[in-house]
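*Asks:* Questions regarding the structure given below will be posed in turn.
Bear in mind that the values in this text are calculations on the coordinates, not laboratory data. Bear in mind the structure is a predicted one, so any value in this text is a computation, not a measurement. Positions of Cβ are generated from backbone atoms using ideal geometry, with glycine treated the same way; all protein chains shown enter the neighbour counts.
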Amino acid sequence: MDLTPQRIAEAFSGHHFALAYPYLLDGIVWNNVGGEFIEGQDAVIHTCEQSAHYLQTVTTTFKKFHIIVGDDTVVVDSLADYIDADQAIITVASCDIYQFKNRQVSEITSYTVEVK
């Protein structure tokens, strides 16, 4: 299956990381603004797998999921509730900016904040 840049970004931001793995450049960088800076395909995949493990422990409901597509850029603006086993809810707003080179993700910049 050959995914479009929009579908790659949608999969990654929608927590379906494995669908995006084949489209990550070896030298990809992921800047989590105010947090971790991750370099390299293996490091990005490792981080995604850690996140996927956490996501198995919560129920995720996206309340907003907007996608903007440009020539070599895709932006995903989302708002999601994460509900744990104790029914505690954490709401997170995020914006992921994907840069593409030859239909491969070369850079991701993520802005994430917990909202009340």
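*Asks:* Compute the convex hull volume of the Cα atoms of segment 5-115, divide it by the residue count, and report the result per residue in Å³ as a whole number.
*Replies:* Taking the convex hull of the Cα positions in segment 5-115, it is 90 Å³ per residue.
*Asks:* Neighbour counts of other C-beta atoms within 10 Å: give me S51, S94, S110 arranged from fewest to most.
*Replies:* If I rank by nearby Cβ atoms, fewest first, I get S51, S94, S110.
*Asks:* Also, I was wondering about something else. Count neighbours as other Cβ atoms within 10 Å of each site's Cβ, and list the GluC sites (Glu not before Pro) in segment 31-107 that are DSSP loop with at most 16 such neighbours.
*Replies:* Filter output for segment 31-107: E36.
*Asks:* Then there's this: Return the long-range amide H neighbours of G14 (sequence gap of 5 or more, or a different chain), with a cut-off of under 5 Å between placed amide H atoms.
*Replies:* Those qualifying (amide H under 5 Å, at least 5 residues apart or on another chain) number zero.
*Asks:* Starting from the Cα of Q50, step 7 Å along the direction of its Cβ; do the same at E36; then give the gap between the two resulting points in nm.
*Replies:* For Q50 paired with E36, the spin-label model returns 0.3 nm.
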